[in-house]
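Here is the structure we will look at.
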Amino acid sequence: MTIDSSPALQQVRQWLQDAAHIAMLTGAGVSAESGVPTFRDAQTGLWAHFRPEDLATVDAFRRDPARVWDWYAERRVNMREVQPNAGHRAVADFQRRHPGRLTLATQNVDGLHQKAGSADVLALHGNIFEDQWLDPCALARRPQEGCSPAQAEPGRPPRCVQCGNLARPAVVWFGEMLPHDALGAAERAAARCNVMLVVGTSGAVYPAAGLAHVARAAGARVVIVNPHPSELDDWAHAVLPGTSAQLLPVLLDF
Ligand code: OAD
């Protein structure tokens, strides 16, 4: 028997077909088959080679802005080159066929769901292709005044020409708040969905992983798609062992 014909998969397909509203949370695993490294996979994950406290916190950036900027610049190069895979496309195609029926929240900053054509993606951890200022402008007299166009030196983050403020990648680092509107919309979707699909995430990082708990507490079926065990498996009604490019086209083909 293949995974495509397994009773668990058929059961989940039925739940999805019966669902008036589906919420979905994706993580780095959905982009793995596009060539984007995950964070926590044992050999290939980024955190097997780098320490998050050196690269993904505001303190790390203040200590060594060039190093952090450079690391993100390399990831940007990789992420510009990659293309959505069959998993991203299956979600976008489903949303086109069933407008408003699936709310997609992602922890990924690579933009691949958007590139595949998904609309209204709730980007919980930001967007790696955008920058934001590290601090409010030191010279601003009114809150709406911001920093001035930045000077860029190769290999260094752009600086405000007036106050010296630094630009940083517009991603959420450890210890930072998630974007309020996106998290709120994801929580509302989790609270009203019939099925919560959790795909390609270790479920180790909160508050994103908490969406599965919100959905479960509100009475939804929680379904995990992941080739390896995740921290949310014990909370799920079904765990489908397989990759997202393999399983999402089968699950979302109606
Ligand atoms: P992780 O690296 O923690 O987990 C990736 C998950 O994807 C693992 O559970 C893998 O088993 C699974 N996986 C691998 N290949 C897959 C495939 N082809 N199909 C489906 N699943 C696959 O990544 P996230 O859970 O996204 O945050 O990590 C959450 C956050 O931690 C990230 O957004 C990032 C990271 O530190 C920040 O940088 C703030």
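The values are calculated or read from the model by the stated rules, or taken from the named source; none is laboratory data. If you're wondering where the values come from, they're calculated on a predicted model, not measured in any experiment. Glycine also receives a Cβ, built like all others from the backbone with ideal geometry; neighbour counts cover every protein chain displayed. Areas reflect the complete protein model, heavy atoms only, side chains present, ligands, DNA and RNA absent. Shrake-Rupley method; radii C 1.70, N 1.55, O 1.52, S 1.80 Å.
For ASP59, only one of the following conditions fails: (1) under 26 Å from VAL239 (Cβ atoms); (2) more than 11 Å from the ligand (Cβ to nearest atom); (3) not hydroxyl-bearing (Ser, Thr, Tyr). What is its number?
All conditions are met except number (1).
List every residue pair whose Cβ atoms lie under 6 Å apart, where the two residues are 6 or more positions apart in sequence or sit on different chains, the first residue falls within segment 64-91 and is farther than 24 Å from GLY200 by Cα, and the second residue, located anywhere, is within 15 Å of the ligand (Cβ to nearest atom) and assigned to a helix (DSSP H, G or I).
Matching pairs, first to second residue: VAL68/LEU55; VAL68/ALA60; VAL68/PHE61.
Quick test for you: out of VAL195, VAL223, pick the one residue that is surrounded by 14 or more Cβ atoms within 10 Å (Cβ to Cβ), β-branched (Val, Ile, Thr) and within 16 Å of the ligand (Cβ to nearest atom).
VAL223
Quick one: what pairs do we get from segment 102-119, first residue assigned by TED's automatic domain parsing to the domain that holds TRP15 and farther than 14 Å from ALA86 by Cα, second part of a helix (DSSP H, G or I) and within 16 Å of the ligand (Cβ to nearest atom), C-beta under 6 Å, 6+ apart or different chains?
Going by the 6 Å Cβ cut-off, the qualifying pairs are ALA105/ALA186; THR106/HIS113; ASN108/SER31; ASP110/SER31; ASP110/MET79.
To keep it simple, each residue is scored yes or no on (1) over 13 Å from the mean Cα position of the chain (by Cα); (2) in the same structural domain as ASP54 (by TED's automatic domain parsing); (3) within 18 Å of ILE22 (Cβ to Cβ).
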residue	(1), (2), (3)
ARG156	yes, yes, no
GLN162	yes, yes, no
GLY184	yes, no, no
ALA190	yes, no, yes
CYS193	yes, no, yes
SER202	no, no, no
VAL205	no, no, no
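Among the residues of segment 118-148, how many are open to solvent by 50 Å² or more (accessible area, probe 1.4 Å), away from the ligand (no atom under 16 Å from the Cβ) and of a type in the set (A, V, I, L, M, F, W, C)?
Residues that pass the stated criteria total 4.
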